[in-house]
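Enquirer: The structure is given below, and queries will be raised subsequently.
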Amino acid sequence: MQKFSHDTVVVLDFGAQYSQLIARRVRELHVYSQIVPYTISAEELKQMQPKGIIFSGGPASVSAEGSPRPDAAIYDLGIPILGICYGLQVLSVQNGGSVQRPEKREYGFADLQLLGKDSVLLRGISENSRVWMSHGDSVMSIPAGFETTGSTFNCPYTVIENAGKQFYGVQFHPEVVHSAQGKQILSNFVLTVCKAATDWDMGSFVNTAIEDIRSKVGDKQVLCGLSGGVDSAVAAVLIHRAIGDQLVCVFVNNGLLRKGEAEMVQKVFRDNYNIRLQYADAEQAFLSALHGVSEPEAKRKIIGKLFVDTFYNEARNAGEISFLAQGTLYPDVIESKSPSGGPSATIKSHHNVGGLPEDLKWELLEPLRELFKDEVRQLGRELGLPEEMVTRHPFPGPGLGVRCVGEITKERLDTLRDVDAIFIDEIRKAGLYDDIWQALACLLPVKSVGVQGDERTYEEVCSLRAVTSEDAMTADWFRFPPEVLQRASSRICNEVSGVNRVLYDITSKPPGTIEWE
Ligand SMILES: Nc1ncnc2c1ncn2[C@@H]1O[C@H](COP(=O)(O)OP(=O)(O)OP(=O)(O)O)[C@@H](O)[C@H]1O
Ligand SMILES: O=c1[nH]c(=O)c2[nH+]cn([C@@H]3O[C@H](COP(=O)(O)O)[C@@H](O)[C@H]3O)c2[nH]1
Ligand SMILES: NC(=O)CC[C@H](N)C(=O)O
Ligand SMILES: [Mg+2]
């Protein structure tokens, strides 16, 4: 590991769903941040010379045997540390404090009481500031040299510190928006305690990313899966800036695309960019492999593998390929598996992460892997991508395959394409497209009885979904004016043959996910 080129705060990942959110909050302060696995040695960290270290939360209990511990020599590096939740607990235990699981767990909101001590970490924080908790274990005694600066009703040691050593710990999660002054606390740590320089922005991300891509790729060839979505478009333009014609893009028509999409994507790219683009018509291969499959993870694995097979096929016409580039973002990674191979839970295998074959014969090039969607949009603007491209709703690689709930057939896909097109059209006509993070339609594996023109019908049911979100990690259902849903519903039943019932999905994430499968 080399020294970072910017002042950096590293996040030691203990498997929290929120690790990358911590990094992103630090970047919002214009300080570079990167996640590293908790297993990193103190020696490696020393070489990287971070200005500060944040210990993330994590699902384990510090009292459990084999629970994750950082290298204890980290405490001798003289680098400021902030422990969050599990991070606080591990910091306490390794320095001589104790942690136990009390009867009462604490999930949700709490009011932070300040204990009247002058704490740099708590500067500007108000009495009873709302904080968000999610823990079963609690610190029961703090290490020698530490003092408590904040508490809550259920948790006496909510904020602890050893100001001399610049070690801090908080039991709540300052990185989530529900902690009202969380940003201020992170800013106090990063800017005041660590004194990190605020020299990071998307412009410097572009320069660093271009340098990284050049040094990784050398004079080799890269194949990039281009979907027409914002992530792969940004990745392709960024990589093209770095290595020019060593890049070839492949757009796969997997038969699971939306109405008119294949034509549209090719046109936008051929009209606007001078990037080599190959079109792969793989509809038959995808549909026959998916025939009779309805289990979501099985579908995802099949689709992931077929994407790669298609890329291999296309590579034959593209020269000697060494890298597969994808527009993978952080939320794709965290839901599929822990970024550091650590202990977080698998929610679903995103086709471009958990769905990739283990013996992929090319190296991966994923320059956006650490970023969230809104950061990628910012980057797209920085790179001059057209606004309609930058603001497009996300569309998953497995496409309508995971929206045709149950069995996938060409006929059901065509029906779904028509439903989707009407829904999106009505959203655009109502001027709501940009207020919504993502809108989608699913076809459900049930039929319902209806009456049309005095005749009994027994046909498919579709479900419409629209959500608001910041980063796809959590989402809420969009509150439509009723007339928009009404227009969409009557147009769908009138214009799409084979559908006689329309539902609107009012599930947030969690407990739902955005896609149905
Ligand atoms: N039809 C496709 N052809 C080629 N590559 C694809 C296709 N669909 C997805 N991919 C690859 O998988 C990656 C992940 O897909 P994902 O949908 O997350 O990103 P995206 O399509 O680029 O952007 P968005 O999230 O806005 O839809 C893409 O960046 C791209 O590399
Ligand atoms: O490229 C992708 N490949 C996938 O396999 C995949 N699965 C979900 N998504 C998109 O990710 C976001 C979060 O989706 P979920 O709440 O359904 O997990 C939403 O924006 C989903 O559309 C995918 N994107
Ligand atoms: N969110 C967390 O980091 C939780 C820490 C630990 N697993 C607990 O339940 O207390
Ligand atoms: Mg997409």
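Enquirer: For residue 86, are the conditions met, namely being out of contact with any Cys (no Cβ under 6 Å at 6 or more places or on another chain) and either surrounded by fewer than 22 Cβ atoms within 10 Å (Cβ to Cβ) or among the hydrophobic types (A, V, I, L, M, F, W, C) (or both)?
Expert: For residue 86, the condition - out of contact with any Cys (no Cβ under 6 Å at 6 or more places or on another chain) and either surrounded by fewer than 22 Cβ atoms within 10 Å (Cβ to Cβ) or among the hydrophobic types (A, V, I, L, M, F, W, C) (or both) - is not met.
Enquirer: Right, something else. Pull out all pairs, ordered by first then second residue, where Cβ-Cβ is under 7 Å, the residues are six or more apart or on different chains, the first lies in region 390-412 and is within 16 Å of residue 261 (Cα to Cα), and the second is away from ligand 2 (no atom under 14 Å from the Cβ) and in a loop (DSSP other than H, G, I, E, B).
Expert: Hits for this filter: 401/408.
Enquirer: For residues that are in contact with a Leu (Cβ under 6 Å, 6 or more places away or on another chain) and hydrophobic (A, V, I, L, M, F, W, C), scanning just region 385-407, find the one that is nearest to ligand 4 (Cβ to nearest atom).
Expert: In this case the residue turns out to be 400.
Enquirer: If a residue has to be closer than 15 Å to residue 447 by Cα and in contact with a Lys or Arg (Cβ under 8 Å, 6 or more places away or on another chain) to count, how many in region 492-517 make the cut?
Expert: Qualifying residue count, region 492-517: 1.
Enquirer: Against the conditions (1) within 13 Å of ligand 2 (Cβ to nearest atom); (2) surrounded by 16 or more Cβ atoms within 10 Å (Cβ to Cβ); (3) at pLDDT below 90, where does residue 344 fall short? Just the number, please.
Expert: (1)
Enquirer: Just to check your reading of the model, which residue among 99, 190, 177, 139 is within 29 Å of residue 475 (Cβ to Cβ) and either outside any loop (DSSP other than H, G, I, E, B) or within 16 Å of ligand 2 (Cβ to nearest atom) (or both)?
Expert: Just one listed residue meets the conditions, 190.
Enquirer: Something else about it: Give 419, 446, 451 a once-over and let me know the one that is of a type in the set (Val, Ile, Thr), surrounded by fewer than 19 Cβ atoms within 10 Å (Cβ to Cβ) and closer than 16 Å to residue 489 by Cβ.
Expert: Among 419, 446, 451, only 451 is of a type in the set (Val, Ile, Thr), surrounded by fewer than 19 Cβ atoms within 10 Å (Cβ to Cβ) and closer than 16 Å to residue 489 by Cβ.
Enquirer: Further question: Looking at residue 298 and the list (1) without any contact (Cβ under 8 Å) to a residue 12 or more places away in the chain; (2) within 16 Å of ligand 4 (Cβ to nearest atom), which single condition is not satisfied?
Expert: Only one criterion is unmet by residue 298, namely (2).
Enquirer: Name the single residue, out of those in region 170-208 being in contact with a Leu (Cβ under 6 Å, 6 or more places away or on another chain) and over 13 Å from residue 122 (Cα atoms), that is surrounded by the most Cβ atoms within 10 Å (Cβ to Cβ).
Expert: By that ranking, first place goes to 171.
Enquirer: Let me ask another. Being away from ligand 4 (no atom under 16 Å from the Cβ), touching a helix residue (DSSP H, G or I) at 6+ places or on another chain (Cβ under 7 Å), touching a residue at least 24 places away in the same chain (Cβ under 8 Å) and on the phi < 0 side of the Ramachandran plot: is that true of residue 56 here?
Expert: yes
Enquirer: Out of everything in region 36-58 that is in contact with a Pro (Cβ under 7 Å, 6 or more places away or on another chain) and more than 20 Å from residue 191 (Cβ to Cβ), what residue ends up being surrounded by the most Cβ atoms within 10 Å (Cβ to Cβ)?
Expert: 58
Enquirer: How about region 359-386: which of its residues are closer than 27 Å to residue 21 by Cβ and outside any loop (DSSP other than H, G, I, E, B)?
Expert: Pass one, region 359-386, residues closer than 27 Å to residue 21 by Cβ: 364-383, 385.
Those that are closer than 27 Å to residue 21 by Cβ and outside any loop (DSSP other than H, G, I, E, B): 364, 365, 373, 374, 375, 376, 377, 378, 379, 380, 381, 382.
Enquirer: So in region 108-136, with the set limited to residues that are more than 19 Å from residue 167 (Cβ to Cβ) and part of a loop (DSSP other than H, G, I, E, B), which one is nearest to ligand 4 (Cβ to nearest atom)?
Expert: My answer is 136.
Results for (1) closer than 24 Å to residue 208 by Cα; (2) within 11 Å of ligand 2 (Cβ to nearest atom); (3) surrounded by fewer than 23 Cβ atoms within 10 Å (Cβ to Cβ); (4) not assigned by TED's automatic domain parsing to the domain that holds residue 228, shown as yes or no for each residue.
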residue: 367; (1), (2), (3), (4): yes, no, no, no
residue: 395; (1), (2), (3), (4): no, yes, yes, yes
residue: 400; (1), (2), (3), (4): no, no, no, yes
residue: 404; (1), (2), (3), (4): no, no, no, yes
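Enquirer: Within region 290-324, restricting attention to residues that are of a type in the set (Phe, Trp, Tyr) and assigned to a helix (DSSP H, G or I), which residue is surrounded by the fewest Cβ atoms within 10 Å (Cβ to Cβ)?
Expert: 312
Enquirer: Still on this structure, I have one more. Touching a helix residue (DSSP H, G or I) at 6+ places or on another chain (Cβ under 9 Å) and closer than 21 Å to residue 230 by Cα - does that describe any residue in region 499-516?
Expert: Within region 499-516 (the criterion being touching a helix residue (DSSP H, G or I) at 6+ places or on another chain (Cβ under 9 Å) and closer than 21 Å to residue 230 by Cα), the answer is yes, since at least one residue qualifies.
Enquirer: Report, by residue number, each residue of region 117-133 that is in contact with a strand residue (DSSP E or B) (Cβ under 9 Å, 6 or more places away or on another chain), surrounded by fewer than 18 Cβ atoms within 10 Å (Cβ to Cβ) and not β-branched (Val, Ile, Thr).
Expert: Hits for region 117-133 are 117, 118, 126, 127, 128, 130.
Enquirer: Hey, another quick one. Being in a helix (DSSP H, G or I), closer than 28 Å to residue 473 by Cα, among the charged types (D, E, K, R) and outside the structural domain of residue 211 (by TED's automatic domain parsing) narrows it down to one of 69, 27, so name that one. Working first, answer last.
Expert: Numbers: 69 fails: in a helix (DSSP H, G or I).
After applying the criteria, what remains is 27.
Residues are listed down the side, and each one gets a yes or a no for (1) more than 16 Å from ligand 4 (Cβ to nearest atom); (2) of a type outside the set (Lys, Arg); (3) under 26 Å from the mean Cα position of the chain (by Cα):
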position: 195; (1), (2), (3): yes, no, no
position: 222; (1), (2), (3): yes, yes, yes
position: 229; (1), (2), (3): no, yes, yes
position: 239; (1), (2), (3): yes, yes, yes
position: 252; (1), (2), (3): no, yes, yes
position: 273; (1), (2), (3): yes, yes, no
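Enquirer: Only residues that are more than 22 Å from residue 244 (Cα to Cα), in contact with a strand residue (DSSP E or B) (Cβ under 9 Å, 6 or more places away or on another chain) and in a helix (DSSP H, G or I): list them for region 257-289, please.
Expert: Answer for region 257-289, where residues must be more than 22 Å from residue 244 (Cα to Cα), in contact with a strand residue (DSSP E or B) (Cβ under 9 Å, 6 or more places away or on another chain) and in a helix (DSSP H, G or I): 261, 262, 283, 286.
Enquirer: Given the conditions (1) modelled with pLDDT of 95 or more; (2) of a type outside the set (Ser, Thr, Tyr); (3) out of contact with any strand residue (DSSP E or B) (no Cβ under 8 Å at 6 or more places or on another chain), report the number of the one that residue 54 does not fulfil.
Expert: Single failed check for residue 54: (3).
The values are calculated or read from the model by the stated rules, or taken from the named source; none is laboratory data. The shown structure was predicted, so the numbers you read here are calculated from the model rather than taken from an experiment. Reconstructed Cβ throughout: ideal geometry from the backbone, glycine too, with neighbour counts over all protein chains shown.
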